[in-house]
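Visitor: My structure is below; once you've seen it, I'll send some questions.
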Amino acid sequence: MHLVPLSVVAEIAKVMHAGNQTHPNRVPDDWKTMPDFRNRLFSAALRHLAESQYGAAADPETGLSHISHALPNLAMLVWHEQNPQQRGAQCEDA
């Protein structure tokens with residue numbers, strides 16, 4: 001674990017916290033049972049990476065970098081890969 005920069009872990013937490021603040025009706029772990037999770041998370045990560053690639057420094061909604069916004073989406077995809085038994089039936093790709 002010492003190889004993972006804690007500042008990056010903190011960025012993931014900031015983005016996820018900002019998402020919960022922006023969407024107050026959201027349950028904090030609702031991404032674990034999100035329908036069509038694979039397409040939605042890949043699309044969100046790629047959208048933020050593309051914004052960064054094309055020169056947008058920060059997400060206008062949160063002020064955090066687009067690279068920082070891509071990280072939680074990728075982390076959630078990894079979680080889904082590692083925990084298929086904890087996904088609900090509604091998570092399966094259509």
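Visitor: It is to be established whether one or more residues within region 45-55 are in contact with a strand residue (DSSP E or B) (Cβ under 6 Å, 6 or more places away or on another chain) and not aliphatic (A, V, I, L, M).
Guide: Checked region 45-55: no residue is in contact with a strand residue (DSSP E or B) (Cβ under 6 Å, 6 or more places away or on another chain) and not aliphatic (A, V, I, L, M).
Every residue, every condition in (1) within 11 Å of the chain's Cα centre (by Cα); (2) of a type in the set (A, V, I, L, M); (3) closer than 23 Å to ASN83 by Cβ, yes or no:
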residue	(1), (2), (3)
LEU6	no, yes, no
GLY19	yes, no, yes
PRO35	no, no, yes
GLN53	no, no, no
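Visitor: Can you tell me how many residues in region 44-63 are in contact with a Ser or Thr (Cβ under 9 Å, 6 or more places away or on another chain) and at positive phi?
Guide: Total meeting the criteria: 0.
Every read-out reported here was derived from the displayed coordinates using simple, explicitly stated rules and does not represent laboratory data. None of these values were measured; they are calculated from a predicted model. Here Cβ is always computed from backbone atoms with ideal geometry, including for glycine, and neighbour counts include all displayed protein chains.
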